[in-house]
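Only one structure is covered here, and it is reproduced in the block below.
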Protein chains: 2
Amino acid sequence: VKDHFADRLVRAVEEKGVPACVGLDPLLERLPPTVLKSVGIDSDFDARIRTSENVAKAADAILTYGREVISVIAPHVPIIKINIAFFERYYAPGIRAYHELVRQASQAGMIVIGDVKRADIGHSTTQYAFAQLGIAADPMMNEIVTPDAVTVNPYFGYDAIRPFVDLARESGGGLFVLVQTSNESAAEVQGLTLSDGEKLCERVAQIVEGWAADESLIGTSGYSCIGAVVSPRDLESTERIRTMMPHCIFLVPGFGAQGRTKDEVARCFKPDGTGAVVTASRSVIYAYQQDEARAKYGEDWVRAVEQACVDLVRDVRSATGR
Amino acid sequence: VKDHFADRLVRAVEEKGVPACVGLDPLLERLPPTVLKSVGIDSDFDARIRTSENVAKAADAILTYGREVISVIAPHVPIIKINIAFFERYYAPGIRAYHELVRQASQAGMIVIGDVKRADIGHSTTQYAFAQLGIAADPMMNEIVTPDAVTVNPYFGYDAIRPFVDLARESGGGLFVLVQTSNESAAEVQGLTLSDGEKLCERVAQIVEGWAADESLIGTSGYSCIGAVVSPRDLESTERIRTMMPHCIFLVPGFGAQGRTKDEVARCFKPDGTGAVVTASRSVIYAYQQDEARAKYGEDWVRAVEQACVDLVRDVRSATGR
């Protein structure tokens, strides 16, 4: 059994000296031409047509690409977040590619977050938990590797969370509950005002802290294996949410392509510099599509990704005063 | 391209004479021993150990079982809801089994709802939509069959819904947005009181109706391709939600094993008897585990499921005054 998830995460961040995470969201239409060519995808390819052959090729492309990305980022950042949506898109071969990349990133020593955003009732959520988190069985016998932690949706309340928590406690896993998301329409539901004047997402923050503060879930780092996804909106509310959730590590999306500033991101950390992990996806993994990188690295997309990863590390260090 | 989803659903309900749906949630540990034996699963089998062989066997078992269930229920009910959690549990082979069962149920003339409860931001939710709903390409070329409609989670607001809606509009698909769920802790978030005294789930109901009422989404039946998952809690709130959402077909879980009464379920329908589909899962698909059925049908689990399906049809007809 692995150590407590939060302790492992804190240690990994210390070792690499930066609380940064790269999000792997591979879109077929944005992959480097050399990768597409290597798996036999040419300009006639129509991803909408779901023949076995097409689906297998597409899954092969995102696997090939993902392997390269992991190799190049693993020395720089402690954590990777792999979004399963981009793999589910290619059905069974896509799911196989997802678990292959989870395995590779784990073997490279990274903490792996499966960005699955699952939630359901009773038996159903138990199945998701078994699928996505470690199971207390001899790990040597598990050919299929699952993430260290996953993201989950709070709309069902604790029923949808409990099976993940039970497995996390047993197997050193973790979960990040969505509190405030980074999309434009997030406030449509999350920003509704409750009867006491509080915003829904702030109440959800308190509810999640209530789940997280269970003694049996706290590691020696003082953090719980239940964390939260918090995309900073405005400085004040971010500070309030940070104060409300002392036991939760924040997974902070929106840095990079989605435009959150250093100052906004900084408020997700505690004064001692712990308590959050900043994640960026597109600005790193598609760095080769930016004009400057194209001019500098030409066809060498891997170097462009590496440079963007190094830049992310620098920016997150600077945002967090390291 | 298929006809408008709501129109197809209304027609299917009329043809079978009952607004009923069976939920297929296959748990390995509850499958009939004959099914397990047929795929080589014996009492030593440990589903927690994720070898390729174990996972393939388990997926094979739920596929075999699902095929039998579909064959036996298709003549009786117009709609099937397949919960992907029970398939994701067995990784790539499980996902393959899911799409095989979607195909079989479609070919048997059923309306198929993929109970996936997905939601994410921007690009990510687009991938889920592509994965789970029809794509406007020549259907003859699609070896992988997707559901007619899916369930989605409202916590992200409309961003997470839009890609599903766009595909639904193009391809005759549909979606059911979670409004009020049937689990015990549902009220923990959904039942929060807003500043105007309204419950969160009732506000979500209004928001979803706002999305659904878009003219381009309404079929000749008067219903939208955006429906809602509404598990009745108390009669008053169910009536309020029904009135708030004139354009939405309700998918109503909780009848059967989860204990909702006929009277509660009846309030999910409009006075003209349309506007809802009642779904039951465990009470039908595990009917062979009930003492009475065991005494009556012995090893013949398929007949027990068929009888439970016939009973469901009778109960739903009676609840809806047909």
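The values are calculated or read from the model by the stated rules, or taken from the named source; none is laboratory data. Keep in mind the model is a prediction, meaning the values are calculated, not measured. Cβ: placed from backbone, ideal geometry, glycine included. Neighbour counts: every protein chain shown. Side chains are part of the model used for accessible areas, which takes the heavy atoms of the whole protein and leaves out ligands, DNA and RNA. Shrake-Rupley method; radii C 1.70, N 1.55, O 1.52, S 1.80 Å.
Largest first and in whole Å, the equivalent-ellipsoid semi-axes of region B:30-114 read 24, 14, 9, each the square root of five times a Cα gyration tensor eigenvalue. Springs join every pair of Cα atoms under 10 Å in this Gaussian network model of chain A, and among A:42, A:300, A:120 the largest mean-square fluctuation is at A:42. Counted by Cβ distance under 13 Å from residue B:279, the other residues give a net charge of 0, where Lys and Arg count +1 and Asp and Glu count -1. Normalised by residue count, chain A yields a Cα convex hull volume of 139 Å³ per residue.
Dividing the Cα radius of gyration of region A:235-291 by 2.2 N^0.38 Å, with N the residue count, gives 1.27.
Bridging of residue B:57 to lysines at a Cα separation below 17 Å is possible for B:37, once same-chain residues fewer than 8 apart are set aside. Computed with a 1.4 Å probe over protein heavy atoms only, the accessible area of residue A:233 comes to about 80 Å².
Rolling a 1.4 Å probe over the protein chains gives residue B:315 an accessible area of about 40 Å². Across q = 0.21, 0.24, 0.30 Å⁻¹, region A:190-253 modelled as identical point scatterers on its alpha-carbon atoms has Debye log10 I(q)/I(0) values of -0.82, -1.00, -1.33, in the order of the q list.
Here is the interface size for B with A: some 6700 Å² of accessible area buried, both sides summed, with a 1.4 Å probe.
Only one residue of A:93, A:134, A:297 has its Cα farthest out toward the positive end of the dipole of chain A, where Lys and Arg carry +1 and Asp and Glu -1 on Cβ, and that residue is A:297.
Inter-copy label distances at residue B:75, shortest first and taken from points set 7 Å along Cα to Cβ: 6.8 nm.
Comment: the Cα-to-Cβ extended label point of residue A:296, at 7 Å, lies 7.3 nm from its counterparts in the other copies, nearest first. Per residue, the protein assembly as shown reaches -13500 deg cm²/dmol at 222 nm when only DSSP H runs of four or more residues are counted, each adding -39500 (n - 2.57).
What translational diffusion coefficient, to the nearest whole µm²/s, does region A:149-188 have by Stokes-Einstein, given a Kirkwood radius computed over alpha-carbon pairs, a temperature of 10 °C and 1.306 mPa s viscosity?
Values: Rh = 11.2 Å.
The Stokes-Einstein estimate is 142 µm²/s.
Springs between alpha-carbon pairs under 10 angstrom, Gaussian network model over chain B: which of B:71, B:195, B:38 fluctuates most? Its mean-square fluctuation being the largest, the pick is B:195. Per residue, the accessible area of chain B comes to 35 Å² when a 1.4 Å probe rolls over the protein heavy atoms. Note on region B:102-196: semi-axes of the ellipsoid equivalent to its C-alpha gyration tensor, largest first and rounded to whole Å, are 28, 16, 10. Take each residue of peptide B:44-51, count the partner chain Cβ atoms within 10 Å of its Cβ, and average: the result is 5.
At 20 °C and a viscosity of 1.002 mPa s, what translational diffusion coefficient does Stokes-Einstein give for region A:1-150, taking Rh as the Kirkwood radius over Cα pairs? Give it in µm²/s as a whole number. Walk me through the numbers before you get to the answer.
Values: Rh = 16.4 Å.
Using the Kirkwood radius from Cα pairs, D works out to 131 µm²/s.
Legend: mean number of C-beta atoms from other chains within 10 angstrom of residue C-beta atoms, peptide B:32-40, equals 0. Label separation (residue B:270 vs residue A:239): 5.2 nm, computed from points 7 Å beyond Cα along the C-beta direction.
Counted residue by residue at 0.36 nm each, then reduced by the alpha carbon distance between them, the extension gain from residue B:261 to residue B:314 reaches 17.7 nm.
As a fraction of the 1.4 Å probe accessible area of the protein assembly as shown, surface on carbon and sulfur atoms comes out at 49 percent. Label point of residue B:44 (7 Å along Cα→beta-carbon): distances to the other copies' equivalent points are 5.1 nm, sorted ascending.
Largest GNM mean-square fluctuation across A:27, A:167, A:175, computed for chain A with C-alpha springs under 10 Å, falls on A:27.
Report the FRET efficiency, 1/(1 + (r/R0)^6), for residue A:143 and residue A:213, where r is their Cβ-Cβ distance and R0 is 35 Å, rounded to 0.05.
With a Förster radius of 35 Å, E is 0.45.
Under the simplified labelling scheme, the residue B:48-residue B:294 pair shows an inter-label distance of 2.5 nm, with each label point 7 Å from Cα along Cα→Cβ.
Calculate how many DSSP beta bridges within the protein assembly as shown are antiparallel, expressed in % of all such bridges and rounded to the nearest 5. Provide the component values of the computation, followed by the final result.
Working: 5 of 65 bridges.
Around 10 percent of the beta bridges assigned by DSSP in the protein assembly as shown are antiparallel ones.
Within the straight-line cut-off of under 29 Å between alpha carbons, the lysines reachable from residue B:262 are B:16, B:81, B:117, B:199, B:270, B:296, sequence neighbours fewer than 8 places apart in one chain being disregarded. Over the C-alpha trace of the protein assembly as shown, radius of gyration and Dmax come out as 23.9, 77 angstrom.
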